[in-house]
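Asks: Starting off with a structure, shown below.
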Amino acid sequence: RVLLEIPSGYISSKYGYYRPMLAAMVITLVGNVLLVFIETPVQLVLVRAMKGIGGPLFFAIAMTFLVNLFDAEGRGTAMGIFQGIEFIGTIIGSGISGYTIDVLGFKGGFVVAVGLSVLALVLLVVPKSLRVAAVAEGTREPLKVREIFEALTNRNVMIMALATLAEFIMSMGLIMTVVPLYAQEGLGFSLTEIGFIMGARAIGFVIAMFTMGSISDRIGRKPVLLFGLVGTAIMSIVMSFMVSFYTIAVVICVIGFTSGAIWIIGPVLSSESVRPELRGAAIGAYRTFFDLGSLIGPILMTIVMDGYGVTACFYLASALLLLNLPTTMMIRRTNPEAGSGEVLH
């Protein structure tokens, strides 16, 4: 996925939005069908790698399509709804996957995934209005290499990418890796309690998705991003002092909300900081750092935990977020030609 995020901008500029999204859905469907028949770990790895093409291809292009459908006054709200529904799907999938496997077995779980993939494909193909809009929006000239580099070297895009990297190191490294280990081995929480704690984060995150986007439409992207960085950094330190189930659940719910503010700003700010035809490349750059944080976070935080203890992980996560404050203050008003010159303050 890391290697495909940025090229997705070129793909959408050359082939439009609809055909790449359709191809991504078909790749995902074929991958899920193949999972039903795998017999060896090597086959599993190969199929998973193939499915790794479908995810970024669909979501990076879908985000670009979405930001081009709305003007600056409604773009944050639209992206919040999109990402909120996406995350709700993640919550539901995580919640029912274990039960599905217990009842149907692994192959049965893959069969269910095939059914969901077919449903997603139908939802993409059947609505004529979606096809027409996606085809109409994707009728520009293919990007040139120098234009892709123009997006990658844009100051706002790089500032947002680094903030996203820090947030994902915190989310995937601290919250999703270290906290469950600490809660189980250090505090003696049951797996059920840990599941509820992760669910509390999800609640805060979903609330942020459905509120902070519209707030950013009114007050600007930069204030919301600053709120997310400072709030998440503070709550990461606060969580290091919490030892009871209820206090940790409350704090991690707040972290879900504050980190959600960072998430919602990422694709919107990145796309608004460049010319409209470069939005796909800008979102691809943002999502590349999204993926890098997911890769680096668990490795970095487990190394720190083994060498310096759990508490050091909380302070490191906070420090990485706060390091982004000076650069975030340097965010400049976006290009009025991109349709959002009055949104950043």
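Asks: Explain nothing, just compute: Karplus ³J(HN,Hα) = 6.51 cos²θ - 1.76 cosθ + 1.60, θ = phi - 60°, for every residue of segment 53-60 in order, whole Hz, x for Gly and Pro.
Replies: Values per residue, Gly and Pro as x: 6, x, x, x, 4, 6, 6, 5 Hz.
Asks: Find how many whole Å separate the alpha carbon centroid of segment 27-67 from the alpha carbon centroid of segment 302-329.
Replies: 32
Asks: Here is a follow-up. Rank the residues Y286, Y17 as a footprinting-exposure proxy: fewest other Cβ atoms within 10 Å of their Cβ go first.
Replies: In order of increasing Cβ crowding within 10 Å: Y17, Y286.
Asks: Please arrange C313, C253 by how many other C-beta atoms lie within 10 Å of their C-beta, fewest to most.
Replies: Ascending Cβ contact count within 10 Å gives the list C253, C313.
Asks: Going by how many other beta carbons lie within 10 Å of each one, how would you line up K222, K107, K128, K51, fewest first?
Replies: Lowest to highest Cβ neighbour count: K128, K107, K51, K222.
Asks: Another one. Can you give the local net charge around I262? Use residues other than it whose beta-carbon is closer than 15 angstrom to its beta-carbon, Lys and Arg +1, Asp and Glu -1.
Replies: +3
Asks: What share of Cα pairs, in percent, lie more than 25 angstrom apart in segment 151-331?
Replies: For segment 151-331, the share of Cα pairs beyond 25 Å comes to 31 percent.
Every number here is computed from the coordinates shown, using simple stated rules; none is lab data. Here the structure is a predicted model, which means the values were calculated and not measured. Quick reminder, even Gly has a Cβ in these numbers, built from the backbone with ideal geometry, and neighbours come from all protein chains shown.
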